1. Explain nothing, just the number: relative contact order of segment 5-125, from Cα pairs under 8 Å at least 6 residues apart, as a whole percent.
2. Counting Lys and Arg as +1 and Asp and Glu as -1, what is the net charge of the other residues whose Cβ lies under 15 Å from the Cβ of His185?
3. Which longest run of the chain has no exposed loop site in it, a site being GluC sites (Glu not before Pro) in a DSSP loop with at most 10 other beta carbons within 10 Å, and the site itself not part of the run?
4. Can you check what the net charge comes to around Ala110, using other residues whose Cβ is under 15 Å from the Cβ of Ala110 (Lys, Arg +1; Asp, Glu -1)?
5. Given the chain, what percent of its DSSP beta bridges are antiparallel, to the nearest 5?
6. Using Cα positions and a limit of under 22 Å, work out the lysines in reach of Lys158, with same-chain residues fewer than 8 apart set aside.
7. Using alpha carbon centroids, what distance separates segment 206-249 and segment 18-95, in Å?
8. Given 25 °C and 0.890 mPa s, compute D for the chain with the Stokes-Einstein relation, Rh being the Kirkwood radius over Cα pairs; round to the nearest whole µm²/s.
Amino acid sequence: MTTNHVESRPFIGLTTYRKMVGQTNPTPYMALMPSYIEAVAAAGGIPVLIPLGLDEDALRALLSQVDGLVMTGGGDIAGEHYQSEHEEFIFDVDPDRDRVELFLAREAMATKKPLLAICRGHQLLNVALGGTLYEDVMEWMPGAIKHDFFNTFPRNHKAHAVAIEPDSKLAATLGRRETHVNSLHHQGIRDLAPGLVAVAHAPDGLIESVEATDHPYALGVQWHPENLYTDDPLMLSLFRGLIDAARDR
Ligand code: MN
């Protein structure tokens, strides 16, 4: 046998963020919660962290060297990217992170690079393709239920149900028509971008998952599967789907 098991494990890029660390002498770090890295590795990929601050030539070169991409969670996207009229509800913006991730999302779509977009990533994929966001779901979406379970709840807290469209790749990947998810977000998709379809909804109608129509695997989820798969192993199938698509390229 000549099978090379290392070669069968695709490289998966993961986006990172800036974080200030330390109380008395705060120092900037580029960071990522280990749950994303562990989920990629558990699903059979080799995680590669993508730093911020790189120019577009470097990002394009880096993206060409990975077989798939995870767009990770984080703070809000600047309102200028979707013509927001309610800037006062937008928090924790990093303009350089917006620049890097909008470029990577558009490049991944253009080159058909397999892509799993989580929480902020799900919102960013929509904005990158021309969609808009609710600056704050509770404030601006009529009939909204609570979605912002961060800070006071553990990250694996199952907050609400989602109904999954039966004919979607999400349903095929997850093998379920309904599931329960964590919910660690205060924003959400308002107007869906061209080229995306909504494939799961919360009980209040909020779009909880999108997939691209003309792409082998471009999936956005508003929840955090990387914090659920140890309790609910089927959630790892979202990462396995990404890695299978990356391996097929
Ligand atoms: Mn939610």
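1. Values: 180 pairs, mean separation 34.2, N = 121.
That works out to 28 percent.
2. Numbers: positive: Arg120, Lys146, Arg155, Lys158, Arg190; negative: Asp76, Asp92, Glu135, Asp136, Glu139, Asp148, Asp204, Glu208, Glu226.
After counting each charged neighbour, the total is -4.
3. On the way: sites that count: Glu7, Glu85.
Longest run free of exposed loop sites: 86-249.
4. Working: positive: Arg60, Arg106, Lys112, Lys113, Arg249; negative: Glu56, Glu101, Glu107, Asp214.
Charge balance in the 15 Å sphere: +1.
5. On the way: 22 of 37 bridges.
That works out to approximately 60 percent antiparallel.
6. Result set, ordered by chain and number: Lys146.
7. 18
8. On the way: Rh = 18.2 Å.
So the translational diffusion coefficient is about 135 µm²/s.
The values are calculated or read from the model by the stated rules, or taken from the named source; none is laboratory data. Computed from a prediction, not measured in an experiment: that's the story for all the values here. Neighbour counts are summed over all protein chains in view; Cβ atoms, including those assigned to glycine, are modelled from backbone coordinates with ideal geometry. Remember, those area values only see protein heavy atoms, side chains included, never the ligands or the DNA or RNA. Shrake-Rupley method; radii C 1.70, N 1.55, O 1.52, S 1.80 Å.
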